[in-house]
1. Please go through the range 260-289 and pick out each residue that is of a type in the set (Gly, Ala, Ser), more than 29 Å from ILE80 (Cβ to Cβ) and part of a helix (DSSP H, G or I).
2. Determine which single condition ASN231 fails, assuming it passes every other condition in (1) outside any strand (DSSP E or B); (2) under 20 Å from ALA102 (Cα atoms); (3) in contact with a Phe, Trp or Tyr (Cβ under 7 Å, 6 or more places away or on another chain).
3. Sort out for me the strands (runs of 3 or more DSSP E) sitting completely within the range 147-189 that have 2 or more residues that are of a type in the set (S, T, N, Q), touching a strand residue (DSSP E or B) at 6+ places or on another chain (Cβ under 8 Å) and modelled with pLDDT under 95.
4. So, GLY70, is that one part of a loop (DSSP other than H, G, I, E, B) and either over 28 Å from ILE106 (Cβ atoms) or β-branched (Val, Ile, Thr) (or both) or not?
5. Taking the options VAL206, VAL221, name whichever one is within 21 Å of the chain's Cα centre (by Cα), surrounded by 22 or more Cβ atoms within 10 Å (Cβ to Cβ) and either without any contact (Cβ under 8 Å) to a residue 12 or more places away in the chain or not assigned by TED's automatic domain parsing to the domain that holds PRO345 (or both).
6. Taking the stated definitions as given, is ARG368 more than 18 Å from the chain's Cα centre (by Cα) and at pLDDT 90 or above?
7. For the range 224-248, which positions are within 19 Å of the chain's Cα centre (by Cα) and either over 20 Å from ALA138 (Cβ atoms) or surrounded by fewer than 17 Cβ atoms within 10 Å (Cβ to Cβ) (or both)?
Amino acid sequence: MKLSFSPEDERFREEVAQWLNDNLTGEFEKVRFRGGPGDEHMFQEERHAWEKKLAEGGWTCIGWPTEFGGRASSIEQQVIFNEEYARAGGPGRVGHIGEGLAGPTIIAFGSQEQKEKYLPGIVNGTELWCQGYSEPGAGSDLANVKTKARFDEEKGKWVINGQKVWTSLAHESDFCFVIARTDPDSVAHKGLGFFLVKMDQPGVEVRPIEQITGTSEFNEVFFDDAECDANDIVGEPGDGWKVAMGLLGFERGVSTLGQQMQFQNELNEVVRIAKENGAAQDPVIRQRIAQSHAELKIMRYNSMRMLSGQSGSDGSLQKEALIYKLFWATWHRSLGELAMDVMGPESQILDPGQYELNRLQSMYLFTRSDTIYGGTNQIQRNIIAERGLGMPKEPKITAKT
């Protein structure tokens with residue numbers, strides 16, 4: 001693992017910092033440090049415009065190959081970009097699912113036609129994506145999906161029926177990548193397909209889910225004879241599990257750097273408040289802040305370790321990546337608790353008849369879900385044990401008849 005940066009990398013750092021300093025001004029001044037967990041509903045139009053501004057400057061998809069619109073930036077330069085983005089107060093990205101998940105998956109597994117059709121909109125910041133994985137009965141157990149896709153010979157299209165849930169930013173997205181069963185008789189991870197589905201069409205209904213924060217960052221999505229072009233299945237019918245697992249490798253990959261950028265901004269805000277209100281004088285609070293700082297550094301170094309190592313032919317990462325979700329979810333939940341303690345008892349009180357949370361209050365409430373979505377902590381420990389350490393699988397309990 002490389003922890004140092006070359007003179008060329010440092011020149012790149014200066015370029016990034018200068019561009020951000022010049023452009024996070026004027027109409028974009030208000031979006032600085034906004035749009036993190038629990039705060040995604042703020043300044044949506046301005047953050048959409050910011051995504052296009054990033055694209056104009058060539059700062060989207062910087063790790064993608066140049067033939068697909070990226071800069072082919074090294075891991076070191078991607079780390080630098082995210083560090084400087086955090087330092088400048090860059091807002092939460094609205095295009096991160098397309099840039100970090102959909103795009104790399106299409107590059108790795110998609111056809112030339114799919115690359116030409118979908119990648120430019122992601123690079124330009126004009127087309128946003130959401131993820132159609134979880135279902136009411138298939139959250140951590142993704143292989144239990146019930147959504148079905150059948151091929152209509154007359155129309156020459158795939159027809160999709162089913163329900164997805166906890167779909168972040170579905171209400172803002174242009175496309176959704178959807179896991180569905182192409183073989184109705186299949187079970188578990190067999191007989192699945194990976195589809196690229198247009199959201200603005202008859203047969204797709206998005207219903208916001210109100211969260212404990214009072215906002216609706218994620219949604220239920222219902223597919224009722226929604227259509228997908230014949231060429232918009234990634235790979236072949238039955239390849240869905242392989243493609244889906246490859247995508248999860250990208251989720252544990254470079255996209256983690258942007259997430260850590262938001263974490264750093266939140267920790268910086270906690271430290272600022274602790275200094276202002278005197279909470280930093282409490283030795284226990286100081287110790288917890290120091291621990292949060294050290295663990296965020298550990299998170300960063302582990303990300304660099306797993307990104308610097310050898311990847312599988314399908315883009316999957318090393319076993320070190322298996323620990324990432326468990327680590328960051330637990331860390332972030334603790335940061336939310338620290339933020340409330342730093343703000344003091346007043347942080348738990350709102351004006352009567354009003355439900356407007358500040359950034360850290362929203363973050364605290366949002367972090368209660370971190371150890372559940374994307375695979376609960378218990379499921380993550382099973383994955384580490386079974387896939388990482390090669391331990392026997394948990395025995396299944398069958399009911400007696």
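1. Passing the criteria: ALA279, ALA280.
2. Status for ASN231: all satisfied but (3).
3. By residue number, 157-168.
4. no
5. VAL221
6. no
7. Result: MET245, single match.
So that you can scan it fast, the table gives a plain yes or no per residue for (1) modelled with pLDDT of 90 or more; (2) β-branched (Val, Ile, Thr); (3) more than 23 Å from ASP39 (Cβ to Cβ); (4) touching a Lys or Arg at 6+ places or on another chain (Cβ under 8 Å):
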| residue | (1), (2), (3), (4) |
| --- | --- |
| VAL197 | yes, yes, yes, no |
| GLN211 | no, no, no, no |
| SER216 | no, no, no, no |
| GLU220 | yes, no, no, yes |
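The values are calculated or read from the model by the stated rules, or taken from the named source; none is laboratory data. This is a predicted model, so every value here is computed, not measured. Positions of Cβ are generated from backbone atoms using ideal geometry, with glycine treated the same way; all protein chains shown enter the neighbour counts.
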